Amino acid sequence: MTLIMMGGRSEPQAEEQLWLRKPVAMDALSNACRPLSNACRPLEGSDQIPQAAKEDLVASDKRFDVFLTPDLRVTASDFLTVLVPSISLLKPPHAVPVRDPLQKEYLRVSAALQAVKGRGGHQSVKFSLCKPGGREKAQFMLGKNNREYDIFQTNCSERFAWVSPGAISQTVCHFVLNTRLDTQLSFVGNFSPKSHRTNVSDESGQLLASTEPYLEDNGHGVKVPSSAGYYTLRVISGMDLGLVLCALFCIERMEGQ
């Protein structure tokens, strides 16, 4: 259900070069800040994060009750699957599509330059999640402190949510999404382009979404990672697809892929 762009690791965008990761150990807090790097990323093909079974992604009585994009709530009886593109190389004024399993465009994410108030003409990159016809559903961009990514509802200057690094591990990456109503989601796994395997869970540990590499036939009967750079995202019924997508895109930008 995810889209990943294959290929070499690109350099972080100019507006993100000041990004720092705050280490938060599982058992104790560290006062130092570390630069974001490959240190937390598992080796390619790492199986440290078990892939969520489809039967685990079923709706329960607990719902994520804050919606960034209410009309993108999953209404399928069990779960929704989409193919997600990598935005690591996305630059203004271009866009890339989010597709359904039949390869039809479902949503798109675009990049545009935006002037930063009070910073002498400095411009940052604003990303927008849109419907195929161009109607904007949400925005996300690097935060003012250069340490978080902020997510906004359309036409709202107050951030709806923000994504930041979580606990540091030598085998997996951990990111946390917080909303302005104190709801929290955890994103744990391998975010590398060739092996995108992550689990998304709420504060109680309930699995809400998961990703895995998107495989396609190479013409010789062998399944290989998508040449177009997609990964698969599966989201349970009742969840806000737009919020999960924006968070995954934010994490990719922070990882500098």
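The values are calculated or read from the model by the stated rules, or taken from the named source; none is laboratory data. Bear in mind the structure is a predicted one, so any value in this text is a computation, not a measurement. Neighbour counts run over all protein chains shown; Cβ positions are idealised from the backbone, glycine included. Just the protein is used for accessible areas: all its heavy atoms, side chains included, with ligands, DNA and RNA removed. Shrake-Rupley method; radii C 1.70, N 1.55, O 1.52, S 1.80 Å.
Values computed for the structure shown
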{"quantity": "Strands (runs of 3 or more DSSP E) wholly inside the stretch 144-237 containing at least 2 residues that are free of Cβ contacts under 8 Å to residues at least 60 places away in the same chain", "calculated": "149-153, 173-179, 184-190, 197-202, 215-217, 223-225"}
{"quantity": "The lone exception for HIS196 - which of (1) crowded, with 21+ Cβ neighbours inside 10 Å; (2) over 20 Å from LEU68 (Cα atoms); (3) modelled with pLDDT of 95 or more it fails", "calculated": "(3)"}
{"quantity": "Residue list for the stretch 223-240, filter: open to solvent by less than 10 Å² (accessible area, probe 1.4 Å) and in contact with a Ser or Thr (Cβ under 7 Å, 6 or more places away or on another chain)", "calculated": "GLY229, TYR231, LEU233, ASP240"}
{"quantity": "Single match in LYS131, LYS137 (criterion: at pLDDT 90 or above, of a type outside the set (Ser, Thr, Tyr), over 13 Å from the mean Cα position of the chain (by Cα) and open to solvent by 50 Å² or more (accessible area, probe 1.4 Å))", "calculated": "LYS131"}
{"quantity": "Residue list for the stretch 214-235, restricted to those being β-branched (Val, Ile, Thr) and more than 19 Å from PRO85 (Cβ to Cβ)", "calculated": "VAL222"}
{"quantity": "Subset of the stretch 165-175 that is surrounded by fewer than 20 Cβ atoms within 10 Å (Cβ to Cβ) and in contact with a strand residue (DSSP E or B) (Cβ under 6 Å, 6 or more places away or on another chain) - its residue that is nearest to LEU89 (Cα to Cα)", "calculated": "HIS174"}
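Per-residue answers, yes or no, for (1) at pLDDT 95 or above; (2) farther than 18 Å from ALA209 by Cα; (3) open to solvent by 10 Å² or more (accessible area, probe 1.4 Å); (4) among the hydroxyl-bearing types (Ser, Thr, Tyr):
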position: ASP61; (1), (2), (3), (4): no, no, yes, no
position: THR69; (1), (2), (3), (4): yes, no, no, yes
position: GLN103; (1), (2), (3), (4): no, yes, yes, no
position: VAL109; (1), (2), (3), (4): yes, yes, no, no
